[in-house]
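To keep things clear, I will list the structure first and then write my remarks on it.
The values are calculated or read from the model by the stated rules, or taken from the named source; none is laboratory data. Keep in mind it's a predicted model, so treat the numbers as computed, not measured. Cβ placement follows ideal geometry from the backbone for every residue including glycine, while neighbour counts extend to all protein chains displayed. Just so you know, the surface numbers come from the protein's heavy atoms only, side chains and all, with ligands and any DNA or RNA stripped out. Shrake-Rupley method; radii C 1.70, N 1.55, O 1.52, S 1.80 Å.
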Amino acid sequence: MYKCHRRKRFLFLVFIMAIIIIFVLNLMPSPHRAQFKRTSPARCSVNFAEAGRFPLVALLSAPGSGNTWTRHLIQQATGFYTGSAYNVIHLAETGYAGEIVDPSAGTTLTMKTHMAYFRITPDRIEKNVTAAIILIRNPFDMAICERNRRFSSNQTGLASWNKDLRNDTEWTEYAKFQAIKYVRIPVSWMQSGLPFLVVHYENIMSDRIREIRRIAKFLNVTEFVTEERLRCIQDEGEGNYHRKYVDKKKMYDAFTDDLKTTFIGYIKALSEYLPESQPLPWEHYFNPLLGSLPNISSIEPIYDKLLKLPKKLQ
């Protein structure tokens, strides 16, 4: 009987300890929960639209181009959730409720996708896309951002960067592939025949109000973008997934002269595809932290073999 009593006491203590551990773990920051305790004022609330309200418009970008942050700004400025082709649960739990909703239902504004147009098969939901907002970011920063996301514990984390990367074949090939996507993904949609709007990440950084107005006009939702809503993207503009950098110099140091030459070749190619009214913001493309650059004027554009050549070269 004494042994039975001791066993019950032991099980009770184990139960209590388990409750305490679960409670403590819930209080501890997780990789996806760490920064998400901020609450928006009521005037910045975000909701779903009634079914069928909005057409399916892609918010298209190469990975690492600031798609999630741009979704946040669209939500804050319009009051409507944005959708996605990816169904990422932790995003749905931290301000992007439209993440797990069928984007063709018409209840969300835009659908996040990184899919090049010619890779879309008939059974994919993207076949119903009526237009695309094409988000483009300087490929040096795009490659840095995507490597940080891929090799850190969460979407706002930082990967390890050291001087050895300059001699790392895996990094070199990875970076070159990001440069290819920088051209391939947006241009494939430009050549699809769908209506599109080009938005440069750097222009959002320099004047988010102006760029959000452009996006709202393209989406035909200017009636919802009031001065009060625009204050939301000023007051609540950072969102939960806007990565903050401490020392970017060591990240730029990973680009050798050969990589810089390759990236500039793709940048020059993309610039030839863009409409004259939506050119590259060249003044934001070469951060002084990149150090010395090759002679840009002497570098030839690098055209993706999977794409048609720019019209002026056909």
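Some points to look at:
- Among all residues of region 170-180, there is none that is touching a His at 6+ places or on another chain (Cβ under 8 Å) and modelled with pLDDT of 90 or more.
- Given (1) charged (D, E, K, R); (2) modelled with pLDDT of 90 or more; (3) within 30 Å of Ile302 (Cα to Cα), number of the condition Asp164 does not satisfy: (2)
- Among the residues making up region 113-124, those that are open to solvent by 20 Å² or more (accessible area, probe 1.4 Å) and either modelled with pLDDT under 90 or on the phi > 0 side of the Ramachandran plot (or both) are Met115, Tyr117, Phe118, Arg119, Ile120, Thr121, Pro122, Asp123, Arg124.
- Only a single criterion out of (1) open to solvent by 10 Å² or more (accessible area, probe 1.4 Å); (2) in contact (Cβ under 8 Å) with a residue 12 or more places away in the chain is not satisfied by Thr169, namely (2).
- Residues of region 39-51 classified as modelled with pLDDT of 95 or more, loosely packed, with under 13 Cβ neighbours inside 10 Å and either closer than 10 Å to Ser104 by Cα or of a type in the set (A, V, I, L, M) (or both), total: 1
- Residues that are β-branched (Val, Ile, Thr) and more than 19 Å from the chain's Cα centre (by Cα), drawn from region 184-233: Val221, Thr222, Val225, Thr226
- Filtered residue count, region 66-112, keeping only those that are open to solvent by less than 10 Å² (accessible area, probe 1.4 Å), free of Cβ contacts under 8 Å to residues at least 40 places away in the same chain, over 16 Å from Arg149 (Cβ atoms) and polar (S, T, N, Q): 2
- Residues of region 245-266 that turn out to be open to solvent by less than 60 Å² (accessible area, probe 1.4 Å) and out of contact with any helix residue (DSSP H, G or I) (no Cβ under 9 Å at 6 or more places or on another chain), as a count: 1
- Some residue of region 184-192 being open to solvent by 50 Å² or more (accessible area, probe 1.4 Å), in contact (Cβ under 8 Å) with a residue 12 or more places away in the chain and in contact with a Lys or Arg (Cβ under 7 Å, 6 or more places away or on another chain): yes
- Among the residues examined, Ala34 does not qualify as out of contact with any strand residue (DSSP E or B) (no Cβ under 9 Å at 6 or more places or on another chain), at pLDDT 95 or above and either of a type in the set (Asp, Glu) or surrounded by fewer than 21 Cβ atoms within 10 Å (Cβ to Cβ) (or both).
- Residue among Glu272, Glu283 that alone is at pLDDT 90 or above and either surrounded by fewer than 16 Cβ atoms within 10 Å (Cβ to Cβ) or part of a helix (DSSP H, G or I) (or both): Glu272
- Matching residues in region 227-269 - criterion: being modelled with pLDDT under 95 and polar (S, T, N, Q): Gln234, Asn240, Thr256
- Selection within region 286-314 - closer than 21 Å to Thr172 by Cβ, among the hydrophobic types (A, V, I, L, M, F, W, C) and open to solvent by less than 30 Å² (accessible area, probe 1.4 Å): Leu290, Ile299
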